[in-house]
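The values are calculated or read from the model by the stated rules, or taken from the named source; none is laboratory data. Nothing here was measured: the structure is a model prediction, and the numbers come from that model. For accessibility, only protein heavy atoms count, side chains too; no ligands or nucleic acids. Shrake-Rupley method; radii C 1.70, N 1.55, O 1.52, S 1.80 Å.
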Amino acid sequence: MATTDNVLQFLRQQGFLPEIDEDNGNILFKYQMANFLYVNNDDDDDFFQLLMPGIYDVTDENREMVFEAANNTSHSIKVVKACIINDSVWLFFENLLDSSPEIADIMPRALQILQAARQHFYEALSE
């Protein structure tokens, strides 16, 4: 079974209400009042990519401060990249999988790490 199918199955079993983007097969869902996006990488089934999109708006006035906080977050939190996409900050959890990944082990940890990265980003902004 493809990783995307495993992720979808896990989310449904855990009571999430995932939506599939028909254009690209990405999976959208909410967890603890936040939006998440699992990226369909079935052309590379060994790559796991979970995103927390749009956690902070970027303006001309705050751009430099946001870049510094994003860089600090990317440097400080394992397997997370903080990137500016379309004038908002997105967090990327990216990991390589082995040949028999256990999504039930990976997904809770990925969600936890992204939430910690978001908190770290907000704290870095206030420094």
Working from Cα positions, state the angle (0 to 90°, nearest 10) between the long axis of helix 103-126 and the longest principal axis of the chain.
10
Specify the angular offset, from 0 to 90 degrees and rounded to the nearest 10, of the alpha carbon long axis of helix 63-76 from the longest principal axis of the alpha carbons in the chain.
50
Quick check: the angle from helix 3-13's long axis to the longest principal axis of the chain, C-alpha only, nearest 10 degrees?
90
Among (i) 38, 20, 17; (ii) 27, 15, 13; (iii) 20, 17, 15, which one is semi-axes √(5λ) of the Cα gyration tensor in Å computed from these coordinates?
(ii)
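Using a probe radius of 1.4 Å on heavy atoms only, what accessible surface per residue do you get for the range 52-127? Whole Å² is fine.
59
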In the chain the accessible area split gives carbon plus sulfur, as whole percent at 1.4 Å, a share of 46
Mind pulling the per residue volume of the convex hull built on the Cα atoms of the range 1-69? Å³ is fine.
128
